[in-house]
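Asks: I'd like to ask some things about the structure below.
The values are calculated or read from the model by the stated rules, or taken from the named source; none is laboratory data. Here the structure is a predicted model, which means the values were calculated and not measured. Using ideal geometry, Cβ is built from the backbone for each residue, glycine included, and neighbour counts are taken over all protein chains shown.
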Amino acid sequence: MSDSNTTLQLINREIRDNHIRFYARGHKYEILSDLRSKYTSVTTWNKSHFPKFDADAVIANIMRGKNWNPDNKYWGQTPEQIKASWFTSGASVADAGTNLHEQIEHFMNNNVLEPGYNHQQLLEHYRSLEDVVIRGPEWQFFLKFVEDHPSFKPYRTEWMIFDEDVKLAGSIDMVYENPDGTLSIYDWKRAKEITKDNNWNKFALNPIIGKMPDTNFWHYSLQLNTYRHILETKYGKKVTNLCLVRIHPDHPEQTYELLPVPILTNEMEELFAELKKKEQ
């Protein structure tokens, strides 16, 4: 396996790769060919289209709700205690998600196999190693995903991309090359659940996507569609498929879950046109 996780980048390098840098501290992107400009991360831009999470309001709704009784898991806790538990849980989940992403990136970047390798070859090589570490259920779910899609051909991992016209930058979890030369974007999500419907009647703030429910599925959908738009308009690529891969140890069926993401061509064109006007 590659030690630097750059095998796919070296095989499928883009000229624009030379212009972007990422600094984990502050989650900051820097574009070397546009140093005077401040770039917004795709994640931050996507979040701006939805109401900010108001912990106090959510807790107040919980305590006013019909399920507020001794059987509720938060019963007996103060609002501050509930918020503290959410913060601790969120940090733990984020760390676990980061670890899983790093393991997958290491798996996908293989400097032993011939360039152009697919899932089946990666899995065979992985299982041939004498020092294979038995990891937790998430890793087994991921290997099952790989096994179920043997012909998938990895193209890039953690691909940093940018759009200088609208000052956006971001990193794509996983890109596969399809048999016809087009690309597919996959995103690993270590989420306990991914929901499409909002029970509180909350939607996106921007009228362009005003009918989009304020749920994590649609947040992720907007994220992947943003990556698609940048790859197609700035990198000359054709992206034909977007998909979330949910991997969580508490999945009731003890496996991964695939969630296809709708392609939002018209919405993205309007959102980018609006953003471009703001940058002018």
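Asks: Does segment 29-56 hold any residues that are more than 26 Å from Trp218 (Cβ to Cβ) and of a type outside the set (Ser, Thr, Tyr), and which are they?
Replies: Once the filter is applied, which keeps residues that are more than 26 Å from Trp218 (Cβ to Cβ) and of a type outside the set (Ser, Thr, Tyr), segment 29-56 yields Glu30, Ile31, Leu32, Asp34, Leu35, Arg36, Lys38.
Asks: I need a count of the residues in segment 176-217 that are out of contact with any Lys or Arg (no Cβ under 6 Å at 6 or more places or on another chain) and among the acidic types (Asp, Glu).
Replies: Result for segment 176-217: 4.
Asks: Output the number of the condition that Lys167 fails; it satisfies all remaining conditions of (1) touching a strand residue (DSSP E or B) at 6+ places or on another chain (Cβ under 9 Å); (2) charged (D, E, K, R); (3) surrounded by fewer than 18 Cβ atoms within 10 Å (Cβ to Cβ).
Replies: Among (1) touching a strand residue (DSSP E or B) at 6+ places or on another chain (Cβ under 9 Å); (2) charged (D, E, K, R); (3) surrounded by fewer than 18 Cβ atoms within 10 Å (Cβ to Cβ), the lone unmet condition for Lys167 is (3).
Asks: A follow-up question, please. Kindly list the number of the only condition in (1) assigned to a loop (DSSP other than H, G, I, E, B); (2) of a type in the set (Phe, Trp, Tyr); (3) more than 25 Å from Pro207 (Cβ to Cβ) that fails for Phe87.
Replies: Condition not satisfied by Phe87: (1).
Asks: Still on this model: Could you tell me which residue of segment 17-47 is farthest from Ile172 (Cα to Cα), considering only residues that are within 21 Å of the chain's Cα centre (by Cα) and charged (D, E, K, R)?
Replies: So, considering only residues that are within 21 Å of the chain's Cα centre (by Cα) and charged (D, E, K, R), the one farthest from Ile172 (Cα to Cα) is Arg25.
Asks: Moving to a separate point now. When segment 170-196 is examined, which residues are found to be touching a strand residue (DSSP E or B) at 6+ places or on another chain (Cβ under 7 Å) and modelled with pLDDT under 95?
Replies: Residue satisfying the conditions is Ala191 alone.
Asks: I need every pair where a residue in segment 258-278 that is crowded, with 16+ Cβ neighbours inside 10 Å has its Cβ under 7 Å from the Cβ of a residue that is outside any helix (DSSP H, G or I) and charged (D, E, K, R), sequence separation at least 6 or different chains.
Replies: Cβ pairs passing all conditions: Leu259/Arg246.
Asks: Among the residues in segment 48-58, are any within 21 Å of the chain's Cα centre (by Cα), surrounded by fewer than 16 Cβ atoms within 10 Å (Cβ to Cβ) and modelled with pLDDT of 95 or more?
Replies: Checking segment 48-58: at least one residue is within 21 Å of the chain's Cα centre (by Cα), surrounded by fewer than 16 Cβ atoms within 10 Å (Cβ to Cβ) and modelled with pLDDT of 95 or more.
Asks: Pick from segment 179-213 the residues that are surrounded by 13 or more Cβ atoms within 10 Å (Cβ to Cβ) and small (Gly, Ala, Ser): which of them is nearest to Gly236 (Cα to Cα)?
Replies: Ser184
Asks: Restricting the search to segment 30-43, which residues are surrounded by fewer than 16 Cβ atoms within 10 Å (Cβ to Cβ) and either aliphatic (A, V, I, L, M) or free of Cβ contacts under 8 Å to residues at least 12 places away in the same chain (or both)?
Replies: Leu32, Leu35, Arg36
Asks: Quick one: would you say Lys196 is out of contact with any Gly (no Cβ under 9 Å at 6 or more places or on another chain), in a helix (DSSP H, G or I) and among the basic types (Lys, Arg)?
Replies: It is false that Lys196 is out of contact with any Gly (no Cβ under 9 Å at 6 or more places or on another chain), in a helix (DSSP H, G or I) and among the basic types (Lys, Arg).
Asks: Report, by residue number, each residue of segment 215-272 that is assigned to a loop (DSSP other than H, G, I, E, B) and of a type in the set (Val, Ile, Thr).
Replies: The answer is Thr215, Ile247, Thr255, Val261, Ile263.
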